[in-house]
Structure formats: C-alpha cells, structure tokens
1. Quick check on this structure: which one of Tyr232, Tyr169 is of a type in the set (Phe, Trp, Tyr), more than 30 Å from the chain's Cα centre (by Cα) and either more than 16 Å from the ligand (Cβ to nearest atom) or assigned by TED's automatic domain parsing to the domain that holds Gly120 (or both)?
2. Among the residues of the stretch 52-75, write down those that are closer than 25 Å to Tyr6 by Cβ and either in the same structural domain as Gly177 (by TED's automatic domain parsing) or open to solvent by 70 Å² or more (accessible area, probe 1.4 Å) (or both).
3. Answer yes or no: is there a residue in the stretch 174-183 that is of a type in the set (Gly, Ala, Ser), more than 15 Å from the ligand (Cβ to nearest atom) and at pLDDT 95 or above.
4. Any idea how many residues of the stretch 94-138 are charged (D, E, K, R) and either touching a Pro at 6+ places or on another chain (Cβ under 8 Å) or open to solvent by less than 40 Å² (accessible area, probe 1.4 Å) (or both)?
5. In the stretch 109-209, which strands (runs of 3 or more DSSP E) lie fully inside it and hold 2 or more residues that are out of contact with any Phe, Trp or Tyr (no Cβ under 9 Å at 6 or more places or on another chain)?
6. Taking only the stretch 107-141 into account, find how many residues are more than 15 Å from the ligand (Cβ to nearest atom) and under 20 Å from Val189 (Cα atoms).
Amino acid sequence: MEKIFYEDTHILNFEASVLECIPFENIYRVVLDRTAFFPEEGGQLADTGTLNGLPVLDVRIEKDIIYHHMNTALKVGTKVTGHVDWDRRFDFMQQHSGEHIISGLLHKHYGFTNVGFHLGLTEVTLDFDGSIGMDALRDIETEANQIVFANRPIHCFFPENDELETMEYRSKIEIEGAVRIVEIPGVDVCACCAPHVESTAEIGIIKITGVQSHRGGVRINILCGARALTDYTTKQDSVNALSTLLSAKPELVVDAVKKLQEDGLKQKDMMNHLANQLLQLQIASLPAPQICSNPILFVELSNPIAIRNSVNELTGKYSGYCGIFNGNDQNGYSFIIGSSTLDCRTLATTMREQFGAKGGGTAPMIQGNVKARKEDLIALFNT
Ligand SMILES: [Zn+2]
C-alpha cells in the first residue's frame, strides 16, 4: 500500500483502486492500493474526508494495512477518488510539528524524554519524565518560536538500516518495519509515523498554555498555529471585557481585581463592626432581667463569634433561655441559645417538634438552624 501522506503531506486529492471491502460490524472497511488518509496512530487522530464523495468515518492501521471505515460498500476493483479534509490535517500537522520542537528542546537542554503525547481536537498534552516550571518553559517557548521564525525545513525520511544504527534520535524503540525519521535541523531528530508540515514557519505560533506535575514528571499543554490564535482571541475578549467592567487598562486588570478584593475585605470588616455595634445596642435595649427571663434577639449579617459572645454575655444577666437568631423569616435563621440555669437541650427538642429545627449542643448552649416566623419564635420564648 502506497502511503501518499509520506510522499507529500499537501496532496489531498488522489485516485486509487479498491483492493478489499470487508463488512465489519455495521460498517465497511475499505482497503485501497494507495491512500492519502493518515490513520489514527502515535497519539494522533485519523484524517477525515471522502471516498467518491462518501464520508470516511475513521481510518485505522493494523499490521501495516490501512482500513477506511465507510457506511457504504465500495466495489472491489473499481477506481475511487479520495479527498482529505485539509483544515483538520493541517491543524494536526501544526500541533504535531510544534510538539516535536518542544520535545526536542526539552531533550536537548534538560535531557527529558517525552513519555506521553495526546493530540485531541481541542487539547494537546505532552508528558515528560522530568520536572520544570513555567518560568523555564517560557525560555523554551521563546526558542521554539525563534525556530518557527527561522523557517527551517522539516525532513521526513526512511534511513537505511546501517545509517539508522549509528543515528542519534528520540523514541529509539523497537519498531516493526521501516523506521521513519523526522528531522528538524539543529533542534530534533525523532522516530515518528505522522504527517508533518514542510517547514517550521507553517506551524505558526507555538504557545505553552499550562504545566502540571504528572507521574513524577510534568504534563505540558501546548497550542500551535490557528489554535494558538483562537486561544489568544478568547483570552483577549475576556481581558477586554474585564477591562471595561473594572474601568482599568487591559494590562492593569490584575491590580484592579486585587484592589477590588482588598476593598471587599475592608467592607466585610466594616459590616461586621457595624453589625456588632447594632448587636450591642439591641442588647442594651432589652427589658431588664427583673421583668424578662428569656431574652430573644433578631439580627442579620453578624458574625457567629460575635453572636456566641453576646449569648454568653446575656446568660450572665438573665436567668432563663437567652437566644440570638441570625437571618430572616424568608430564608430562615441560624441560632445560638444559652442558659446558666436551664437545660437548652429541652428547648432544642421543643423547637425540633414545633418548627422542625435542626441542631443540638450541650445543656448550657445549643446552636442550629430553623425555618420559622419571628413572631412564633418570640411567642415560644415568652412562654
Ligand atoms: Zn511525532
């Protein structure tokens, strides 16, 4: 079988003869004498396109035979016209050639080995057996793009066995059949079966978008060519929207968000302070212990520590149950109830039975949540 994608990755239209058409599950597997369709192999998805205008669903390789998966049978012995989708092919080539440059540079400068590669429709990940951070990767990225700008040719070839034996290249593993070498002069030599762009300039921009620790090494995310441009546009739109919302220049949005966070914390502090002051005023306006034994207070937004301290303050003055309810009728209340003489758990039982309150605690103090009306809670405290 002639693999046209090895002769020229830019040939998309081709003529071929149907050698076999095998029914397989509910599809047909078509074998041709020659094809421009790259099959799913080496971490890269298969090409898509058509044979005689009919869609090729998938392309697989088994024992060096390429199978074109079709919904429709093609007659053995007939000539077919094939067409490979260029957008997908070119996108995959941009990502894959970019991957070789990054892997080549990490091997050259750090001795890292690429131990995993995934080229999906939206994501490209590279796994390495060594650790590196984003700062150092920025230098790798800069060098990778200089190689793009230098427009170096990418050379794919099948060396003779004796030449191969003395050759230094990555991915030196036992491969069945002829070993194909992809060489980017001065950067990388690697065994690889996939189609590549003809020169580095075709890759376009190479962008490293992320790095995480992974199985003792790192997983790096990259985007090349059109994908990098789309990513730039998405991020630019996002920064511009933030810039408008924050009334800050795009390069100053991070500072603006930090200031917003600081302001938020200050406001929260101020609100807590005011709520505590309000709590103190409410406590001061409660009826005297001589005429009231079960004081009850309703607040909103106070912090739990202030409420607990206030309940403790009340139990020192009043003999019965002292309760502070935080919230409102609509959303319910969180409560803390204390007493220096009575068992608060008795009240907890009553509140559970009467209002379906949740929570618990000890004899001197209980806390929980309740969905009840303010007036009903006051009535309970009055009895
Ligand atoms: Zn490769």
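1. Tyr169
2. Asn52, Pro55, Leu57, Arg60, Glu62, Lys63, Asp64
3. No; the residues of the stretch 174-183 include none that is of a type in the set (Gly, Ala, Ser), more than 15 Å from the ligand (Cβ to nearest atom) and at pLDDT 95 or above.
4. Qualifying residue count, the stretch 94-138: 2.
5. Output list reads 114-119, 155-157.
6. So the answer is 9.
The values are calculated or read from the model by the stated rules, or taken from the named source; none is laboratory data. Here the structure is a predicted model, which is why all the values come from computation and not from measurement. Glycine also receives a Cβ, built like all others from the backbone with ideal geometry; neighbour counts cover every protein chain displayed. Each accessible area value is taken on the protein alone, full model and side chains, heavy atoms only, with ligands, DNA and RNA left out. Shrake-Rupley method; radii C 1.70, N 1.55, O 1.52, S 1.80 Å.
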